[in-house]
Amino acid sequence: MGIAEWRERLHRGDVSARELTDQQLARIAAVEPEVHAFLEVTAERARADADRIDAALAAGDPLPPLAGIPLAIKDNLCTRGIRTTCSSRMLETFVPPYESTVTDRLWQAGAVLLGKTNLDEFAMGSSTETSAFGPSRNPWDPERVPGGSSGGSAAAVAAGECLASLGSDTGGSIRQPAAFCGVVGLKPTYGRVSRWGLVAFASSLDQVGPFTTSVADAAELLQVIAGADPRDATCLTAPVPDYRAALEQPLKGLRVGLIRECFEAKGLDPQVKASVRAAADQLAGLGCELVEVSCPRFDDGIATYYVIAPSEASANLARYDGVKYGYRSEASEGGQGLGLAAMTARSRAEGFGAEVQRRILIGTYALSAGYVDAYYRKAQQVRTLIRRDFDRAFEAVDVLLTPTSPTTAFRFGAHTEDPLAMYLADLLTIPANLAGLPAINVPCGFDDQGLPIGLQLITGVLEEPRLLQVAHQYEQAARVMEGRPAAALVP
C-alpha cells in the first residue's frame, strides 16, 4: 500500500502508527542481514514518534500529511542527535547538533524515522561498494549491486523495509539505484528542495529527492520537502504547486522526445533499449506524440561531470583536516606528536577511502594554477552547451524520454578495478544534473535475469507537475510490478 492508503487506514483506526512502525522494524530485522541497507536503525526513536502520532489521533487532533509514515534517510543528511557518517571513517563518530531542512520538514509532517541508510562514501560511487561499512545488496539478486550512491535508500524501499526514503542525486545517485532496484526515484529541479544540512559533495549539482514504490508517493514526499529556505542561498523561492493534483491530468497531445544519442549510447543493453522503446509506445497509446530529438552534446556529460564534480568535491572536502571534527590520525613519529601538516595528511589518507581520494586529487589538479582554464573553465563552458541542447529540445517537445541506465544491476566487483566503466553507469543521468533539470525513474520492465529496467523522464525547470503526470499515467497503464518475477527479498 502507498502513503495515501496507509493514511486512510490510520484515520479509520484500522491500524495504529505503532503497529505500522513495528511491522517495518520486524521487516528490517528479517532482511537486513542480507540487504544491509541501513547503517543505523533508530527503533527507539521510531516507536516514540509513532506513539506520539497515536496519542494525537486518540485526542482528535488534526494530523499532518505524513503522520505515522515510516521513512529512512540517506546518511549524508544531517539528523540532530543521530550519527551522520556519509559511510566514511572520516565522519564515523560525527553526531550533528542540527537537523537538515528536508528532514525537519518530514518530522514536522509527522513522518517516523526508521534509520539512516548506506551509501557510497561521501556519495561518490555508483554501486555502494565504496562505503567504509560494507556494501548494500540488491533485493532482486543479492549477488548484484543496488546502484549508488543512494544504494541503501533504494534497497530499503525495494525490500519493503520502509514505505519511502530520501536520497541525494549529484550525477544520477537517485535515479540509477532506483532503476537497479525497481522503484521510483525523483530528482527535482536544482534548488526546488533545500540542500541545507546535506553534507556537500558537488554544490552546483547536489539535489535531495525521494525513493518510493509509486509516483503518487513521490508526489506526496515532494509536496512536503519542496519550497524556499532562507538558509540555502541556492534554494528557489517559486511557489510550490499541488503536485498530486497534476497526476490524473490526461496526456493527450503531449509531445514526448526520444533523445537519439541515448538510444545509440555505447554499452546500451539491447534488452534495456527494447523495454524503454516499448514504454514509449505505451505512452503513444495514451495519446502522446513521439518525436525523435537530438542533444548532440549529451555524450559529453560524463567528461564534463568528472571535471566539475571532483573540483567542487576537492573544495568541499578540504574542511576535513583532523582539527575541528571528524577523524584524526593517532600516528606519531618517534614517540612525538605529529606536526599540523603531517597530522592533516595522515588523517585524510586514513579517513578517506580510495575513490574519495581519487576524486579529490582529480579536482585539485583541475583547479590548480595553469590548468583551471584548460579543465574547469572549459568544462563549465561545455555544461552551458549541454543546457542549450536541452533548451532547444524543449522547444519541440514537452518531456524527454531515455533509459535510466545502460544496463541492469551488475555483479559485485564487476567494475571495481575499472573506474571509467563504473563512471559510465551514470552516462544517461548526468546531463540532467548539469542542466539542473527535474528527472524521474519509473520501472518499465525486467531483463531475462529477472532484474528491473528503468525508464527516465526529464522535463524543463520547475516542471515537476508535468513530469509526475506523465510518469504516473505511464505507471498506471503499464502496471509493470503486477507481472514482476519472484524475488526472495522483494515483498
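Can you tell me how many residues in the range 84-119 are assigned to a loop (DSSP other than H, G, I, E, B), touching a strand residue (DSSP E or B) at 6+ places or on another chain (Cβ under 6 Å) and closer than 18 Å to R195 by Cα?
Step one: of the range 84-119, the residues assigned to a loop (DSSP other than H, G, I, E, B) are 84-88, 92-100, 109-111, 118-119.
From what's left, touching a strand residue (DSSP E or B) at 6+ places or on another chain (Cβ under 6 Å): 100, 111, 118-119.
After this cut, where a residue has to be closer than 18 Å to R195 by Cα as well, the list is 100, 119.
Adding up the residues that qualify gives 2.
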Self-check item: Unique residue being at negative phi and at pLDDT below 95 when the list is L77, L71, L63
Solution: L63
Quiz item: Does F211 fit the bill of being closer than 17 Å to G147 by Cα and assigned to a strand (DSSP E or B)?
Solution: yes
Quiz prompt | Residue list for the range 434-465, filter: under 25 Å from D242 (Cβ atoms) and out of contact with any helix residue (DSSP H, G or I) (no Cβ under 7 Å at 6 or more places or on another chain) | solution = G436, V461, L462, E463
Self-check item: Yes/no for S126 being within 25 Å of D448 (Cα to Cα) and either without any contact (Cβ under 8 Å) to a residue 12 or more places away in the chain or not hydrophobic (A, V, I, L, M, F, W, C) (or both)
Solution: yes
Practice problem: Would you tally the residues in the range 391-449 being among the basic types (K, R) and within 20 Å of L462 (Cβ to Cβ)? | Solution: 1
Practice problem: Could you check how many residues of the range 396-408 are farther than 24 Å from L205 by Cα and either buried (at least 24 other Cβ atoms within 10 Å of the Cβ) or free of Cβ contacts under 8 Å to residues at least 60 places away in the same chain (or both)? | Solution: 1
Practice problem: Only residues in the range 21-36 that are under 17 Å from N118 (Cβ atoms) count as the first member; pair them with residues that are assigned to a helix (DSSP H, G or I) and among the hydrophobic types (A, V, I, L, M, F, W, C), Cβ under 6 angstrom, at least 6 apart or cross-chain, and list the lot. | Solution: V35/A155
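Would you tally the residues in the range 56-83 being part of a loop (DSSP other than H, G, I, E, B) and among the small types (G, A, S)?
Going through the range 56-83, the residues part of a loop (DSSP other than H, G, I, E, B) turn out to be 59-69, 75-76, 78, 80-81, 83.
With the extra rule that they be among the small types (G, A, S), the set shrinks to 59-60, 67-68, 81.
Qualifying residue count, the range 56-83: 5.
Let me confirm something: among A366, A354, A374, which residue is over 26 Å from the mean Cα position of the chain (by Cα), exposed (fewer than 15 other Cβ atoms within 10 Å of the Cβ) and not β-branched (V, I, T)?
On the way: A366 fails: exposed (fewer than 15 other Cβ atoms within 10 Å of the Cβ); A354 fails: over 26 Å from the mean Cα position of the chain (by Cα).
Just one listed residue meets the conditions, A374.
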Quiz item: Where residues in the range 5-18 are exposed (fewer than 14 other Cβ atoms within 10 Å of the Cβ) and in a helix (DSSP H, G or I), which of them is nearest to the chain's Cα centre (by Cα)?
Solution: E5
Quiz prompt | When residues of the range 433-491 are limited to those that are closer than 18 Å to L283 by Cα and basic (K, R), the one nearest to the chain's Cα centre (by Cα) | solution = R466
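Please count how many residues of the range 451-468 are small (G, A, S) and surrounded by fewer than 24 Cβ atoms within 10 Å (Cβ to Cβ).
First, the residues of the range 451-468 that are small (G, A, S): 454, 460.
After this cut, where a residue has to be surrounded by fewer than 24 Cβ atoms within 10 Å (Cβ to Cβ) as well, the list is 460.
The number of residues fulfilling the criteria is 1.
Considering P310, P296, which residue is touching a residue at least 24 places away in the same chain (Cβ under 8 Å), buried (at least 20 other Cβ atoms within 10 Å of the Cβ) and closer than 30 Å to R260 by Cα?
Numbers: P296 fails: buried (at least 20 other Cβ atoms within 10 Å of the Cβ).
P310 is the lone residue from the list that is touching a residue at least 24 places away in the same chain (Cβ under 8 Å), buried (at least 20 other Cβ atoms within 10 Å of the Cβ) and closer than 30 Å to R260 by Cα.
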Quiz item: Does Y327 satisfy the criteria of being within 25 Å of S127 (Cα to Cα) and either at pLDDT below 95 or not in a helix (DSSP H, G or I) (or both)?
Solution: yes
Self-check item: Cross-chain or 6+ apart pairs with Cβ under 6 Å, the range 354-382 first and closer than 26 Å to E417 by Cα, then not in a helix (DSSP H, G or I)
Solution: E355/M124; E355/G125; E355/T130; V356/M124; R359/M124
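I need a count of the residues in the range 440-450 that are surrounded by fewer than 24 Cβ atoms within 10 Å (Cβ to Cβ) and touching a strand residue (DSSP E or B) at 6+ places or on another chain (Cβ under 9 Å).
5
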Practice problem: State which residue is surrounded by the fewest Cβ atoms within 10 Å (Cβ to Cβ) when the search covers only the range 133-159 and only residues that are in contact with a Gly (Cβ under 6 Å, 6 or more places away or on another chain) and part of a loop (DSSP other than H, G, I, E, B). | Solution: G148
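Looking at the range 39-55, which of its residues are β-branched (V, I, T) and assigned to a helix (DSSP H, G or I)?
Applying the first criterion (β-branched (V, I, T)) to the range 39-55 yields 41-42, 53.
Matches in the range 39-55: I53 only.
Return yes when Q249 is modelled with pLDDT of 95 or more and of a type outside the set (D, E, K, R) and no when it is not.
On the way: modelled with pLDDT of 95 or more: no; of a type outside the set (D, E, K, R): yes.
Against the criterion (modelled with pLDDT of 95 or more and of a type outside the set (D, E, K, R)), Q249 does not qualify.
Test T130 against the stated conditions and say whether it is under 19 Å from A46 (Cβ atoms), out of contact with any Pro (no Cβ under 8 Å at 6 or more places or on another chain) and crowded, with 24+ Cβ neighbours inside 10 Å. Write out each step before concluding.
Working: under 19 Å from A46 (Cβ atoms): no; out of contact with any Pro (no Cβ under 8 Å at 6 or more places or on another chain): yes; crowded, with 24+ Cβ neighbours inside 10 Å: yes.
When the stated conditions are applied, T130 does not pass them.
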Exercise. All but one of (1) assigned by TED's automatic domain parsing to the domain that holds S126; (2) more than 23 Å from the chain's Cα centre (by Cα) hold for R231, so report the exception by its number.
Key: (2)
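Just one of A218, A238, A200 is crowded, with 22+ Cβ neighbours inside 10 Å and either in the same structural domain as A354 (by TED's automatic domain parsing) or not in a strand (DSSP E or B) (or both); which is it? If you could, list the steps in order and put the result at the bottom.
Numbers: A238 fails: crowded, with 22+ Cβ neighbours inside 10 Å; A200 fails: crowded, with 22+ Cβ neighbours inside 10 Å.
It is A218.
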Quiz item: If E34 satisfies every condition in (1) part of a loop (DSSP other than H, G, I, E, B); (2) in contact with a Pro (Cβ under 6 Å, 6 or more places away or on another chain) but one, which is the exception?
Solution: (1)
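The values are calculated or read from the model by the stated rules, or taken from the named source; none is laboratory data. This structure is a prediction, so every number in the text was calculated from the model and none was measured. Glycine gets a Cβ as well: all are built from the backbone with ideal geometry, and neighbour counts include every protein chain shown.
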